[in-house]
Amino acid sequence: MSVHPNASDKATASDARKPMSLPRLLAMHGGREPIVMLTCYDASFAALLDAAGVDVLLVGDSLGMVIQGETSTLPVTLEHVAYHVRCVARGNRSAWLVADMPFGTYQSNVAATIDAAVALMRAGAHMVKLEGGAWLAPTVQALVRAGIPVCAHLGLTPQSVHALGGYRVQGKDDAGAATLRSDAQAVQAAGAAMLVLEMVPAALAAEITTASAIPTIGIGAGNGCSGQVLVLHDMLDVYPGRRPRFVRDFMTGQPSIRAAVEAYVAAVRERSFPGAEHSY
């Protein structure tokens, strides 16, 4: 049985949107036009999020926790992410598609990293995301030289949760803030075209954003970033785990998931989310 027998005959909001591009994302950062990102793991949600106006879809290794039921992102493999990238790519029409590089795919050597990134690009990703600072600069540079756009990720880096001593705010003291500033400069100089800042004090994230020529995407980093991202299952309040401070339940008072996503898009666009209560 077909779920949507007339789906091919119905125009959606995403049909009217031009496909998102890297130059467009850079222009949004330059013009202080907020960028809306959400995680996504399948074709149905990809179509819904795209039609609702989400600019960037992230196939995050968060799938390990919200899809697979793991206690961290560490067990996620390249094959897992590639599978979900293919699913999302089939449902997406116009959003920019970013894929996380799982733990272990970029820590050994550059050649192996490029091979892993190529696999994700072939699956349908437009960009890959890596967690780490200045030590990753040579890797970022090699990927960019190979024609693979890179999103860096600083602050709380979940793949390093054990080394960081847990899910803690990063950059709270002067030394930590200085390291984050230096790392942001290093990955940008290496060619990263986007930067996720996770669980970083709002004032520091805003400072890094102002100094950056590339978009910053915040999660628990205040509303001074170029855009915002949340885990889809968190903002729909369907993940059974403890809700982080930076999450808002957008399903409250909404008649449908589509309406909740549209409310999130609107809140990010007008910079009413995140509020001070969601920031550090």
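The values are calculated or read from the model by the stated rules, or taken from the named source; none is laboratory data. Everything numeric here is computed off the predicted structure, so don't read it as measured data. As a convention, Cβ positions derive from the backbone with ideal geometry for all residues, glycine included, and neighbour counts pool all protein chains shown. Ligands, DNA and RNA are stripped out before the accessible areas are found, and what is left, the full protein with its side chains, is counted by its heavy atoms. Shrake-Rupley method; radii C 1.70, N 1.55, O 1.52, S 1.80 Å.
Here the range 18-93 has an Rg and Dmax of 13.8, 40 Å, counting Cα atoms alone.
A Gaussian network model of the chain, with springs between Cα atoms under 10 Å, assigns the largest mean-square fluctuation among 234, 173, 55 to 173.
Taking a quarter of the surface of the Cα convex hull of the chain gives a mean projected area of 14.5 nm². Of the solvent-accessible surface of the chain, computed with a 1.4 Å probe over protein heavy atoms with every protein chain present, carbon and sulfur atoms account for 55 percent. Measuring between their Cα centroids, the range 92-136 and the range 211-260 lie 22 Å from each other.
Based on DSSP H segments of at least four residues, each scored -39500 (n - 2.57), the chain has a per-residue ellipticity at 222 nm of -11000 deg cm²/dmol. Most simply put, the chain has about 5% antiparallel DSSP beta bridges, counting only bridges with both residues inside it. Loop-resident GluC sites (Glu not before Pro) (DSSP state other than H, G, I, E or B) in the range 193-280 with no more than 12 further Cβ atoms inside 10 Å of their Cβ: 270. Across 129, 172, the residue with the most accessible area heads the list, and the full order at a 1.4 Å probe is 172, 129.
Note on surface exposure: 246, 45 rank 45, 246 by accessible area, highest first, 1.4 Å probe. Rolling a 1.4 Å probe across the protein heavy atoms gives the chain an accessible surface of 43 Å² per residue. Highest mean first, the peptides 222-233, 58-69 sorted by other C-beta atoms within 10 Å per residue fall in the order 222-233, 58-69.
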